[in-house]
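Coordinate-derived values only; no laboratory data. As the structure is a prediction and not an experimental result, all values here were calculated from the model. Counting neighbours? That spans all protein chains shown, and the Cβs are built from the backbone with ideal geometry, glycine included.
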Amino acid sequence: MQCSKCRRDAVIYQRYSGLHLCEQHFNRDLEAKAKRAIREHRWIASGDTVAVALSGGKDSSAVLYFLHRLLHERRDVRLMAITVDEGIGGYRDPARARAIAERIGVPWVTASFREEYGVTLDEIVARKGTGLSCSYCGVLRRALLNRVAREEGVTKFAYGFTLDDEAQSVLMNVLRGDPYRLTRPVREVAGFVPRIKPFMYIPEREVALYAFFHVEGFDLAGCPYAADALRGDVRGILDAYTYRHPATKYSLVNLGEALRNPEQPPEGGLRVCERCGEPCGEVCRACQVLDEVRRGA
Ligand code: SF4
């Protein structure tokens with residue numbers, strides 16, 4: 001099939017736009033959408049240090065490559081990558097993330113659950129079972145990333161979240177009947193490094209293709225503990241529905257953005273954890289999780 005914009009062979013068909021795109025026009029289209037997301041949200045400003053939370057998977061590797069292309073000539077914005085080693089055997093080898101950052105040419109730092117908390121995720125799962133693995137992992141990783149980012153002078157955290165991730169999150173919050181998360185605004189909270197998501201309007205399959213074209217050696221393995229049943233169900237429902245109604249994921253993401261209420265106070269008020277000093281919108285979950293793990297509760 002020919003590209004809708006030139007005579008070259010198409011590498012992808014976008015059902016939602018009706019366009020067939022060659023590699024060159026596909027790259028241009030994806031990068032234009034990511035730049036527009038950054039511009040519209042005013043995500044990057046002069047003086048920023050942007051850190052990509054680099055797992056070594058396709059999405060975070062792709063966003064690191066894209067941001068390097070976007071920012072490498074700017075002297076007023078710094079880009080780096082931070083990798084957290086949760087300690088999951090056979091998954092997320094930090095050496096892979098390091099090699100990707102080095103090939104792209106971006107400074108890289110790492111931190112681990114073992115060094116920070118004295119326990120790996122594998123050990124937590126051995127004590128607590130797999131039921132809450134993602135919950136423990138997410139809380140501890142976020143707290144560790146936030147601490148390292150502040151030490152490194154990071155002002156923005158870039159994630160490789162895609163349109164699919166964002167749409168799934170909105171629908172999950174609807175299915176859970178969770179008005180707080182649906183209407184919670186994105187805002188800057190003292191001590192928390194703000195998050196940016198340049199690929200939030202780009203389908204996962206396009207981010208994967210972009211990574212395939214530009215990043216060597218990204219990780220294709222899935223986490224052995226990825227057992228979030230609701231997200232898996234929602235992904236299946238959404239993918240099937242989007243096949244017949246191609247704009248559905250965009251509609252959900254737009255709904256999520258429209259619902260965010262800047263007047264809503266943070267749940268539990270703003271506090272600083274008495275134990276670790278980290279900021280928290282609720283009682284510090286990282287310290288609670290570590291207590292539970294150590295007690296074997
Ligand atoms: Fe952690 Fe769950 Fe992601 Fe695995 S799938 S890395 S356990 S949050």
Using a Förster distance of 41 Å, the FRET efficiency for Arg150-Arg7 (Cβ separation, nearest 0.05): 0.20
Report the extension gain between Arg114 and Glu102 in nm, rounded to one decimal, defined as 0.36 nm multiplied by the number of residues separating them, less their alpha carbon distance. 1.9 nm
Compute the length gained on full extension between Glu123 and Arg195: take 0.36 nm times their separation in residues and subtract their Cα-Cα distance, giving the result in nm to one decimal. 23.0 nm
How big is the charge dipole of the chain about its Cα centre, in debye rounded to the nearest 20, if each Lys and Arg gets +1 on its Cβ and each Asp and Glu gets -1 on its Cβ? 600 debye
One finds, for Asp76 and Arg42 with R0 = 22 angstrom and r their Cβ-Cβ distance, a FRET efficiency to the nearest 0.05 of 0.90
How large are Rg and Dmax for the chain when calculated on the C-alpha trace, in angstrom? 19.6, 65
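Relative contact order of the stretch 1-84, please, whole-number percent, based on alpha carbon pairs below 8 angstrom and at least 6 residues apart.
Taking the mean separation of contacting Cα pairs over the length of the stretch 1-84, I get 22 percent.
Given 0.36 nm per residue, what is the gain on full extension from Asn254 to Asp233 after removing their alpha carbon distance, in nm?
Full extension of this stretch gives 5.4 nm more.
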Note down the nm distance, to one decimal, between modelled labels 7 Å out along Cα→Cβ at Glu216 and at Tyr243. 3.7 nm
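Can you give the calculated 222 nm mean residue ellipticity of the chain, where each DSSP H run of n ≥ 4 adds -39,500 (n - 2.57) and the sum is split over every residue, rounded to the nearest 500 deg cm²/dmol?
That comes out to -15000 deg cm²/dmol.
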Kirkwood Rh, the stretch 106-198, all Cα pairs: how many Å? 15.6 Å
Only bridges with both residues in the chain count here: give the DSSP antiparallel percent, nearest 5. 25 percent
Calculate, for Glu31 and Arg294, the FRET efficiency according to 1/(1 + (r/R0)^6) with r their C-beta to C-beta distance and R0 45 Å; round to the nearest 0.05. 0.45
The answer for the net charge of residues other than Arg74 whose Cβ lies under 14 angstrom from its Cβ, with Lys and Arg +1 and Asp and Glu -1, is +2
